[in-house]
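Below: one structure, written as structure tokens.
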Amino acid sequence: EMNNWDEYASWINHLNAGKNDLSKEDRTKVNELVANVETDKEKIKTLYQYLQKNTRYVSVQLGIGGFQPFPASYVSQNGYGDCKALSFDMKTLPWSVGIESNYTLVSAGPRPRPIHKDFPFSNFNHAILMVPNKGDTVWLECTSQTAPFNYLGDFTGDRDVFVIQEDGGAIVRTPHYDEEDNIE
């Protein structure tokens, strides 16, 4: 049922349950990557760059694949996934070293479909990751091998998104990049 946004988030959490199944070898690799990194933000950046170097995007939109990500172990073993799988894999990497993040659904592209706060519905076509990071929120586009850390661009930036939390969901706005942010 989808009587409210929290019920929808609960369903997404149900679909994603058990997908954070990193192997012992992968956990060891993650710990090695961040062993000498001091801040959580730098750890997130290190793991994001690791994801970018070791995975590629492949679209999966058939059957339950349009809603449910592949497990993190699948992405690690095969080196690819769709936006859901790559975002969930990236969620799992920092989780394995104690950093929480939120799987986030978005209507991506040049003409984003609006989210109606009083009428829950699935109007999303993409997944990204939001890392609260103690008030210094980090946004990650996990399908790009070249996007800078903490930069969404016009594909997913400056729009309402649905952040999936353990206890429900929240509609928040992704960053807007104005002229001052785009000066070279």
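The table below lists the values:
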item: Burial order of peptide ranges 31-39, 9-17 (average beta-carbon count within 10 Å, highest first); result: 9-17, 31-39
item: Nearest-20 debye value, the chain charge dipole, Cβ charges on Lys, Arg, Asp, Glu; result: 600
item: Rounded if a/c under 1.5, otherwise prolate or oblate - the range 85-133, Cα gyration tensor axes; result: prolate
item: Per-peptide average of other Cβ atoms within 10 Å, ordering 141-152, 89-100 highest first; result: 89-100, 141-152
item: Restraint check, LYS24/LYS134; LYS53/LYS117; LYS19/LYS117; LYS24/LYS91; LYS84/LYS117; LYS45/LYS117, Cα-Cα greater than 26 Å; result: LYS24/LYS134; LYS53/LYS117; LYS19/LYS117; LYS45/LYS117
item: Gyration tensor (alpha-carbon) shape descriptor, the range 58-184, a/c threshold 1.5; result: rounded
item: Within the accessible area of the range 1-142 (1.4 Å probe), percent carbon and sulfur; result: 48
item: Distance in nm between pseudo-label sites at ALA17 and SER73 (7 Å out along the Cβ direction from Cα); result: 1.8
item: Residues of the chain: accessible area per residue with a 1.4 Å probe, Å²; result: 55
item: Ratio Rg/Rh, restricted to the range 1-68 and using Cα atoms, in which Rh is the Kirkwood radius; result: 1.09
item: The range 1-115: Cα Rg divided by the 2.2 N^0.38 Å rule of thumb; result: 1.13
item: Proximal aspartates and glutamates to LYS29, defined as alpha-carbon separation beneath 20 angstrom and excluding residues fewer than eight positions away on the same chain; result: ASP21, GLU38, ASP40, GLU42, ASP89, GLU100
item: Spatial separation of Cα centroids for the range 146-168 and the range 1-28, in angstrom; result: 17
item: Where a label projected 7 Å from the Cα of HIS116 along Cα→Cβ would reach, residues of the range 138-160 with amide N under 19 Å; result: 160
item: Estimated 222 nm signal from helices in the chain, with DSSP H stretches of n ≥ 4 weighted -39500 (n - 2.57), rounded to 500; result: -9500 deg cm²/dmol
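The values are calculated or read from the model by the stated rules, or taken from the named source; none is laboratory data. A quick note: this is a predicted structure, and the numbers were derived from the prediction, not measured. With ideal geometry, Cβ positions are generated from the backbone for all residues, glycine too; neighbour counts draw on all protein chains shown. These accessible areas exclude ligands, DNA and RNA; they are computed on the full protein's heavy atoms, side chains included. Shrake-Rupley method; radii C 1.70, N 1.55, O 1.52, S 1.80 Å.
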